[in-house]
Amino acid sequence: MADYVLNTWYPIAWSRDISYELAKRRIVGKDVVLYRSSTGQVAAHLDVCPHRMAPLSMGRLKGDSIECGYHGMTFDCSGACIRIPGQRIVGSPAVETYPTHENMGLVWIWMGDPAKADTSLVYDLPQYHDPAWSSAEGDALEIGCHYLNLCDNLCDPAHVSFVHLSTLGTPAGEDIPVQMKQTDDGLLTWRWINDSPAIPLFQKFGNFKTNVDRWHYYHYTAPSIAVIDFGSAPTGTGAPEGNRDDCIQIYACHFMTPVDENTTIDHWLHVKNFKADEETNKKLSAEFRLAFSEDKTILEAIHQNEQRSVNPAPVRLAIDASPIRMRKMVDEWIKSERSPATAAAVQPEPSHA
Amino acid sequence: MADYVLNTWYPIAWSRDISYELAKRRIVGKDVVLYRSSTGQVAAHLDVCPHRMAPLSMGRLKGDSIECGYHGMTFDCSGACIRIPGQRIVGSPAVETYPTHENMGLVWIWMGDPAKADTSLVYDLPQYHDPAWSSAEGDALEIGCHYLNLCDNLCDPAHVSFVHLSTLGTPAGEDIPVQMKQTDDGLLTWRWINDSPAIPLFQKFGNFKTNVDRWHYYHYTAPSIAVIDFGSAPTGTGAPEGNRDDCIQIYACHFMTPVDENTTIDHWLHVKNFKADEETNKKLSAEFRLAFSEDKTILEAIHQNEQRSVNPAPVRLAIDASPIRMRKMVDEWIKSERSPATAAAVQPEPSHA
Amino acid sequence: MADYVLNTWYPIAWSRDISYELAKRRIVGKDVVLYRSSTGQVAAHLDVCPHRMAPLSMGRLKGDSIECGYHGMTFDCSGACIRIPGQRIVGSPAVETYPTHENMGLVWIWMGDPAKADTSLVYDLPQYHDPAWSSAEGDALEIGCHYLNLCDNLCDPAHVSFVHLSTLGTPAGEDIPVQMKQTDDGLLTWRWINDSPAIPLFQKFGNFKTNVDRWHYYHYTAPSIAVIDFGSAPTGTGAPEGNRDDCIQIYACHFMTPVDENTTIDHWLHVKNFKADEETNKKLSAEFRLAFSEDKTILEAIHQNEQRSVNPAPVRLAIDASPIRMRKMVDEWIKSERSPATAAAVQPEPSHA
């Protein structure tokens, strides 16, 4: 059976896409109907009418309630049934609802125990709100793989030197080992590639006349967030020692929705230490779109190989230390949710990148 | 395993579509090849050559027999093998055949014990043959759901007020309870909606200046027939008391083929108490086509929800009394067929709407 | 589980399609990546990187080695890992490789024990190399069925009289029994149809003024090769007695790749006892293409019937003697491979048609 961490805030939709109309999404194997009520709050219900299993998303909004499109059973924002046409309400029929919260342009949803849905746990990147930085939303990229395979990829700076040669990587990094350490709420995986040409992206958007020192810090926040801090500064200006006055820096944020066993949606956006006009943001997004489509191609092929073949046990490399630790963290979290006595120790603290 | 009532007449094709050529259909999970022989009778065989499992529908008619297109084994109308090229016939190889009968523009087929295939049991609607009435055939609408889900829908007048607002329903009926009673061969479910505006269909095709009294009688004949008697008369003319001199009345007939667990074909036609020219029939059919496509959309979404999710036990409402009874009837019929000792009591009488 | 003969040479690709670039194929349920190395030899590896299961066919050739496109693990022609970027090679990580050999315009692959991969066992038709004959390659025809169903078809001269009336057969042969005998490495199934009009193909490409004597010799070489020797000579010139001076003769060769349980690729070509110009070869291939598409249609329909229905036990006819023996041979071969003690007796000798 599919198994997911439930007591966590998952991204489920761009805020820009949720208005006063019914929108359908899928997460942890459940269909969810979303709408923005008159209070501005996003309501989220299981997209299944408890009467005949019709999708509520095929119904209508009546005030802040949903009327099922099949027989008119009506549910308010709390999920309570407030009308059954032709009869009085017997018992307390209701539809499952889920807490939501908005931050960083996204609607976040809590699929677990609602009593634990503390909005202070919703992920935040301070730079997103900093006027010295600027950000731009990308796509909701659907990838035909399990979300943990995408997490593997996002705890893994090494693949960049092979997969993204036209955008995010150069061969210079091929043989430079990666480092990792556990953090309060996840993992940090990184490497520096010093005194070498800028990556294609920074050749276009930086203005480097010399070799650069370049960093890739992969911040993973369990279970489904990865924020890649990468940047460059001219070699000799002291970036590796902490002096980054003259640097270009981008946070590439991946907020992943685990749709079901075979599907992940990667809501990606970028936050950078310079003011970008709309044109520049479009060009930057186009570069990321290309890079992430390269990941998608590989991840979907791997998913196919995993599904249809009996493969030998995988060879494990040094670069796998972080993905292996990542999967162990998620496994333990799921186990702790299923046996609540031991849960306290594993639950993460409020997260900040 | 899939389970169906077998000792019954199911509609399988429009008579208009069956001529002296091989036609393939599917019913109760079996492929069937149909053709009209030189006697005018419709022959129906399992569409599987007993030699190498080639579909007989890919073969050729030779006289009134089918020659398999792979090696020429030939089967007559009774299913007996009358030729094996290159050798004499050994044993009594045969292909399964099924009794058929035609009525109301449809070919009906008996998939159960041929000894019980009494053609007097084939469904009939007397008005179909009455010169004061007129009828028109609709489509063979394929719906991606189990046929019992469509039967639910057709034992259920209440959905009309929510699903078919542009054609067959108005909000006036939303809160009017439905009534039901068991009949010799099925169920009758109905309600009256009095002193309110005509439904959109009758606004187009009736000529009402005043409010109307409107009835919806849903005649279900187990296991797979539903005939909806609906009509209207000006309020005050006594329609609810039985005086329908000035009424418009239509029988919307649904003759369902249970194709397999995931597919149903609804052969629908309409019979009405006025002479309609071709143009009017076309317009009427267009209205029904729209309405039934609305049902199709909902039923396919429900089928998806039932397939891919573990849903909580459904809430049952007053309007479900008829669908629940319907499913119980079908279940008992299937059980009685499997344990023949108890079969007599449940088998239906010849049916007339 | 799927089960295949493994210690045999299977055709996997046209030689013309394998160059110094990565090509993906599938056989016996495994994905394989092929490329022609600088020595001209065809290398064949399991198309799964042992690190993260990425398809190696999505990587790059570096010299005669494959670099995985995900993290740069590199494997030479022998499958040995020669590079892991960022670390030294620990243990002996490797990817499975398969022996190959080329003959008759095809790449042949050995999916079983490499120690037994004797290239003298690769199938050969001497006439293919004879300057008095000429040959032309056809297609790699994908058929949605198990390869043994195609083998049934190719141990079965009788179907030609029913399936291929516009190309390879005439009704004259319908009732003529077929004969068979076991050979060193397979089966021979045949019949003569004497003193009747030429088949449509030979009416176009022969020049017959009279009735002909016609032969169909189906040479099956276990497990997945069939070579059909068919031809005609004017009746009265003594062809049945062995005098074929004035004949037209074609070997239609079917080299089958068992892709997986649901898919077969038929690499077909034709070899004939006359010099054909390009135009004639094109026309001939068009005729075969039509005929084999007729087989494809039937075989895919049978595959569907076998998959989705519980069918009665098949009726067996005289013409099935050869297909039944064929399947028994393959079954025994598979069993002998699984219990090696008894293998020697069943393994075929080098094969020549």
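At-a-glance table
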read-out	value
Of all residues making up segment C:64-94, the number that are hydrophobic (A, V, I, L, M, F, W, C), part of a loop (DSSP other than H, G, I, E, B), surrounded by 19 or more Cβ atoms within 10 Å (Cβ to Cβ) and within 13 Å of chain A (Cβ to nearest Cβ)	2
Condition met for A:Thr221 (more than 19 Å from A:Ser285 (Cβ to Cβ), of a type in the set (Ser, Thr, Tyr) and surrounded by fewer than 17 Cβ atoms within 10 Å (Cβ to Cβ))	no
Residue list for segment A:88-105, restricted to those being free of Cβ contacts under 8 Å to residues at least 24 places away in the same chain and among the β-branched types (Val, Ile, Thr)	A:Ile89, A:Val90
A:Asn153, sole failed condition from (1) surrounded by 20 or more Cβ atoms within 10 Å (Cβ to Cβ); (2) more than 13 Å from the chain's Cα centre (by Cα)	(2)
Sole residue being among the acidic types (Asp, Glu) and more than 21 Å from B:Asp3 (Cα to Cα), chosen from B:Asp113, B:Asp156	B:Asp156
Condition broken by C:Gln249, with the remaining ones in (1) on the phi > 0 side of the Ramachandran plot; (2) part of a strand (DSSP E or B) satisfied	(1)
Count of segment A:123-136 residues which are in a strand (DSSP E or B) and either hydroxyl-bearing (Ser, Thr, Tyr) or within 24 Å of A:Asp295 (Cβ to Cβ) (or both)	3
Sole residue being under 18 Å from A:Asp124 (Cβ atoms), away from every other protein chain (no Cβ under 13 Å) and crowded, with 22+ Cβ neighbours inside 10 Å, chosen from A:Ala226, A:Ala239	A:Ala226
Residue in segment A:73-83 that is touching a strand residue (DSSP E or B) at 6+ places or on another chain (Cβ under 7 Å) and under 22 Å from A:Ser224 (Cβ atoms) present	no
Within segment A:137-155, tally of residues that are out of contact with any helix residue (DSSP H, G or I) (no Cβ under 6 Å at 6 or more places or on another chain), closer than 24 Å to A:Asn194 by Cβ and in a loop (DSSP other than H, G, I, E, B)	0
Residue count, segment C:156-199 (criterion: in contact (Cβ under 8 Å) with a residue 24 or more places away in the chain, open to solvent by 50 Å² or more (accessible area, probe 1.4 Å) and part of a loop (DSSP other than H, G, I, E, B))	5
Residues being surrounded by 17 or more Cβ atoms within 10 Å (Cβ to Cβ) and either at the interface with chain B (Cβ under 9 Å from one of its Cβ atoms) or not aliphatic (A, V, I, L, M) (or both) - total across segment C:263-298	16
Verdict on B:Leu299 being at pLDDT 95 or above and in contact with a Cys (Cβ under 6 Å, 6 or more places away or on another chain)	yes
Top-ranked residue in segment B:18-55 [being open to solvent by 10 Å² or more (accessible area, probe 1.4 Å) and without any contact (Cβ under 8 Å) to a residue 24 or more places away in the chain; ranked as nearest to C:Ala318 (Cα to Cα)]	B:Arg52
Single residue of C:Phe202, C:Phe208 found to be under 16 Å from C:Pro157 (Cβ atoms), aromatic (Phe, Trp, Tyr) and modelled with pLDDT under 95	C:Phe202
Residue within segment A:119-135 that is open to solvent by 60 Å² or more (accessible area, probe 1.4 Å), at pLDDT 95 or above and either of a type in the set (Val, Ile, Thr) or on the phi > 0 side of the Ramachandran plot (or both) present	yes
Unmet requirement for B:Thr97, which otherwise passes all of (1) under 19 Å from B:Lys30 (Cβ atoms); (2) loosely packed, with under 15 Cβ neighbours inside 10 Å	(2)
Close pairs (7 angstrom Cβ cut-off, 6 or more residues apart or separate chains): touching a residue at least 12 places away in the same chain (Cβ under 8 Å) in segment A:295-310, part of a helix (DSSP H, G or I) and open to solvent by 60 Å² or more (accessible area, probe 1.4 Å) anywhere	A:Ile298/C:Met58
Hits in segment A:304-322 - residues which are at the interface with chain C (Cβ under 9 Å from one of its Cβ atoms) and assigned to a helix (DSSP H, G or I)	A:Gln304, A:Asn305, A:Glu306, A:Arg308, A:Ala318, A:Ile319, A:Asp320
Test for A:Ile334: is it β-branched (Val, Ile, Thr), open to solvent by 10 Å² or more (accessible area, probe 1.4 Å), more than 14 Å from chain C (Cβ to nearest Cβ) and in contact (Cβ under 8 Å) with a residue 60 or more places away in the chain	yes
Any chance A:Asp113 is open to solvent by 10 Å² or more (accessible area, probe 1.4 Å), out of contact with any helix residue (DSSP H, G or I) (no Cβ under 9 Å at 6 or more places or on another chain) and either more than 20 Å from C:Ala54 (Cα to Cα) or not assigned by TED's automatic domain parsing to the domain that holds A:Val28 (or both)	no
Among residues of segment B:123-162, those that are β-branched (Val, Ile, Thr) and within 12 Å of chain A (Cβ to nearest Cβ), counted	1
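The values are calculated or read from the model by the stated rules, or taken from the named source; none is laboratory data. Just so we're clear, the structure is a prediction, and the values are computed from it rather than from any experiment. Positions of Cβ are generated from backbone atoms using ideal geometry, with glycine treated the same way; all protein chains shown enter the neighbour counts. Surface areas here come from the heavy atoms of the whole protein model, side chains and all, with no ligands, DNA or RNA. Shrake-Rupley method; radii C 1.70, N 1.55, O 1.52, S 1.80 Å.
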